[in-house]
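The values are calculated or read from the model by the stated rules, or taken from the named source; none is laboratory data. Just so we're clear, the structure is a prediction, and the values are computed from it rather than from any experiment. Methodologically, a virtual Cβ is constructed for each residue, glycine included, from the backbone with ideal geometry; neighbour enumeration extends over all protein chains shown. Heads up: the accessible areas ignore ligands, DNA and RNA and are worked out on the full protein's heavy atoms, side chains in. Shrake-Rupley method; radii C 1.70, N 1.55, O 1.52, S 1.80 Å.
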Amino acid sequence: MLTCGRFLSSSAATTTASFSPLRTLTRSLLRRPHPRLLSSASAAAATTAVEPDTKAAGGSGAGGGGAVRPQWKASIDFKWIRDNRDAVADNIRSRNSAANLDLVLELYDEYLALQKEVERLRAERNAVANKMKGKLDPSVRQALVEEGKNLKEALIGLEEDLVGLTDKLQLEAQSIPNATHPDVPVGGEESSVVRKEVGSQRSFNFTIKDHLQLGKELDLFDFDAAAEVSGSKFYYLKNEAVLLEMALVNWAISEVSKKGFTPLITPEIVRSSVVEKCGFQPRAQNTQVYSIENSDQCLIGTAEIPVGGIHMDSILLESVLPLKYVAYSHCFRTEAGAAGAATRGLYRVHQFSKVEMFIFCRPEESDKWHEELIMIEEDLYASLGLHFKTLDMATGDLGAPAYRKFDIEAWMPGLERYGEISSASNCTDYQSRRLGIRYRPAPSEPPTANAKKGKAAGGPTQFVHTLNATAVAVPRLMVCILENFQQEDGSIVIPEPLRPFMGGLEVLSPKSK
């Protein structure tokens, strides 16, 4: 498998010489503006794994100032992309991706040609060096010295170009989305298919209220004060709503832990490179990520990011797989572009608590674990008595990392619609190739007595598959509970599984005046 960064020179020097048509062609390619990078806003969003060079502009060639350099490198199988060009192109189109496959393949061909030229010059230089080892006539030695010097200068220049070309190839290829499961419906969100429906909409014999009105009458939260303190789409939780949040979190962690998941509380500030490696775009237009000014750090939008990074740049033993985590964190999202009555109240906010499930597993088991995750989610919400449907999301609704994604949408009577309360995604090796997470397969047979000492048993390492799923997104489940279990007198019945986590409280009642 070819990894683009594998051939990078760690100390490529600068040169002004140009020794071959290939080098001239390469420099021309490196200088050429890429329309996708310069004019397309959506394309810029897809290439946020890079930052501009901070050096002054005006340089030439691969090492010129103003060049765009990737801050990290993914292990991308370029040969597979080239060999499956039509399938990759169809996938890019069906997912509405801005990735430029033609440019990636053009750069890859240039990369292969330039790498071949570099290897040829290295071989020639080695041959010259070998010729100089014996006793030679001074004139012959001088000629070899001159030839070696010319080859060295040419090689330095080509290696510099190789670095620049590799950077451009990596940058462009990072925007290619994951492959898609063959059963995923093709199209926009409206093409998503309902896999399962649980329960039915509750019938009310009184005029129902939405969660905003219920929360105001029960004195459960305060949006007005939070707007003055923090801005719109923030809130204070008060009284029993605080107990309800804690109950939802503790109940979810307790239930999921019974399934063999290790509980975690994660950092809520992470390096922007980790955000990017997980497939999110902290520097894109309309980004959902809050970046911290004058730093390389971001606030997390989901615990998926710090949990995904917990084994970054590691080789795991096959015997420890699957690794299953259930993580609690606060989440922060800009919710850029989100507005309207459908997103009012607690439904779409900038800060909220969430319990997230995450799995690292062997490739052949990721489909099985994906089904396991959606089953856990369905069991959790069914036990609360919610009416919901599970959807197999269409290609146009998949983020770049997701191979397949199941969403659960619950009925919210006060909002008079279904609203997403969770999702479960199989990201296959998309994230692990970026995060550098592999495992070493166990040997099929015990090592023999004459096995070489220190040689790793079990064959070459492989990338793990990663999966993530929401156990509880607190505000949206609060919406569901308040609106679905409201009573005519304005009280709210607490679902039975949550009562032990609320000190036995069964009903939220209006405050006496």
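Structural remarks
- Relative contact order (%) - criterion: Cα under 8 Å, at least six apart; region: segment 264-377: 27 percent
- Distance in nm between pseudo-label sites at residue 150 and residue 295 (7 Å out along the Cβ direction from Cα): 5.6 nm
- Estimated FRET transfer efficiency when R0 is 45 angstrom, pair residue 507-residue 362 (beta carbons, to 0.05): 0.45
- Mean Cβ count within 10 Å, highest first, over the residues of peptides 277-286, 175-184: 277-286, 175-184
- Structural descriptor for segment 60-206: relative contact order 42 percent, calculated from alpha carbon pairs under 8 angstrom and at least 6 residues apart.
- Note on residue 371/residue 190: beta-carbon distance plugged into 1/(1 + (r/R0)^6) with R0 of 25 Å gives a FRET efficiency of 0.55.
- Pairs from the table (324/354; 209/258; 73/233; 73/116; 277/354; 324/389) lying more than 27 angstrom apart at Cα are 209/258; 73/233.
- Using a probe of 1.4 Å on the protein chains alone, the accessible area found for residue 418 is around 50 Å².
- Values of log10 I(q)/I(0), in the order q = 0.23, 0.25, 0.30 Å⁻¹, for segment 282-332 under a Debye, Cα-only, solvent-free model: -0.95, -1.03, -1.22
- Stretchable slack from residue 442 to residue 417, in nm (0.36 nm times residue separation minus alpha-carbon distance): 4.0 nm
- Each Lys and Arg Cβ is given +1 and each Asp and Glu Cβ -1; about its Cα centre, segment 372-439 then shows a dipole of about 400 debye.
- Segment 61-182 has equivalent-ellipsoid semi-axes of 42, 15, 9 Å, by the square roots of 5 times the alpha carbon gyration tensor eigenvalues, sorted largest first.
- Each 5 Å bin from zero up to the one holding the largest Cα-Cα distance in segment 129-273 carries the following percent of pairs: 2, 6, 6, 6, 7, 9, 11, 10, 7, 5, 4, 4, 4, 4, 4, 3, 3, 3, 2, 1, 0, 0.
- Value of D in µm² per second that Stokes-Einstein yields for segment 276-432, Kirkwood Rh from Cα pairs, at 25 °C (0.890 mPa s): 142 µm²/s
- For peptides 216-224, 191-199, sequence by mean Cβ density within 10 Å, most packed first: 216-224, 191-199
- At R0 = 41 Å, FRET efficiency that the Cβ-Cβ distance of residue 229 and residue 317 yields, to 0.05: 0.25
- Normalised by the number of residues in segment 140-293, the mean separation of alpha-carbon contacts (under 8 Å, six or more apart) gives a relative contact order of 7 percent.
- Peptide ranges 73-82, 204-213, 471-480 listed from the most packed, as the mean C-beta count within 10 angstrom indicates: 471-480, 73-82, 204-213
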